[in-house]
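Structure record follows, encoded as structure tokens.
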Amino acid sequence: MSSLLAKKHIGEECVICEQTKIKGIHLYTSFICTDCENDLISTDTSNPKYKYYLKQLKKITNPEIFS
């Protein structure tokens, strides 16, 4: 039973696609999956998809600091 629970919690939620993924990078307290990272890097700034990435990345500007 404990291994079943552990499998459900593997991975983290990507700040861009909001899906749970296993591989990616951490930026402050946020996680960006490798798929979104690669798409972001290869997307031209004139592409409308780039604005979506910027909107999602604005969530990262406020690191969660608890005192």
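The table below lists the values:
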read-out	value
Test: residue in the range 32-48 that is over 16 Å from the mean Cα position of the chain (by Cα), assigned to a helix (DSSP H, G or I), modelled with pLDDT under 95 and of a type outside the set (F, W, Y)	yes
Where S46 falls short, out of the listed (1) open to solvent by 90 Å² or more (accessible area, probe 1.4 Å); (2) among the small types (G, A, S); (3) in contact (Cβ under 8 Å) with a residue 24 or more places away in the chain	(3)
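The values are calculated or read from the model by the stated rules, or taken from the named source; none is laboratory data. Just so it is clear, the structure is predicted and the values come from calculations on it, not from any experiment. Because the Cβ atoms are built from the backbone with ideal geometry, glycine has one as well, and the counts that use them run over all protein chains shown. What goes into the accessible areas is simple: the full protein's heavy atoms, side chains included, and nothing from ligands, DNA or RNA. Shrake-Rupley method; radii C 1.70, N 1.55, O 1.52, S 1.80 Å.
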